[in-house]
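First the structure, in the form of structure tokens, and then the observations on it.
Coordinate-derived values only; no laboratory data. Remember, predicted model here, so these are calculated numbers, not experimental data. Cβ coordinates were reconstructed from backbone atoms using ideal geometry, including for glycine residues, and neighbour counts include every protein chain displayed.
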Amino acid sequence: MNSNGSAFRNLVLISQVGMCVMVPTFLMLALGLWLDGKYGTWFSVPLLFLGMAGGLRSAYILVKSVIDREEHLRKKKQEDDINRKVERANREKQEGSYDRKVD
């Protein structure tokens, strides 16, 4: 089930990244086309690039936050694993030294 959850999470991330890029791009393109039609200008091209830049920045921030969260969880899991092993080794050491004193 863990791999299914991971696959679903990746699918959602891909969808979010696509939406982060497409929505600002198309909104700015629509605004540019509207301005071009109303005023006879050529705003659509610069606004298209502005929308793409804004969308790419949003996608970068989204992906960066996901990577940072995954890295934090991986480090926390690794720390917990190390602490559990150290506690087990200390417990075994104490039990071993106690057994030696008794013998």
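Summary table
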| quantity | calculated |
| --- | --- |
| Under-30-angstrom lysine pairs by C-alpha in the chain, whenever the two are 8 or more apart or on separate chains | 12 |
| Tyr60, Tyr39 arranged by Cβ crowding within 10 Å, fewest neighbours leading | Tyr39, Tyr60 |
| Cα centre as origin, Lys/Arg/Asp/Glu Cβ charges: the stretch 53-97 dipole, Debye | 120 |
| Furthest towards positive pole of dipole, Cys20, Met52, Ser6, structure part the chain, Cβ charges | Ser6 |
| Simple Cβ-charge dipole of the chain, Lys/Arg +1 and Asp/Glu -1, about Cα centre, in debye nearest 20 | 100 |
| Whole-Hz ³J(HN,Hα) from phi, Karplus 6.51 cos²θ - 1.76 cosθ + 1.60, for the stretch 76-81, glycine and proline x | 5, 5, 5, 4, 4, 5 |
| Mean separation of Cα contacts under 8 Å, 6 or more apart, over the residue count of the chain: relative contact order % | 24 |
| Inter-label distance for Tyr39 and Arg69, nm, one decimal - labels placed 7 Å from Cα along Cα-to-Cβ | 4.0 |
| Convex hull per residue volume in Å³, alpha carbons only, for the chain | 79 |
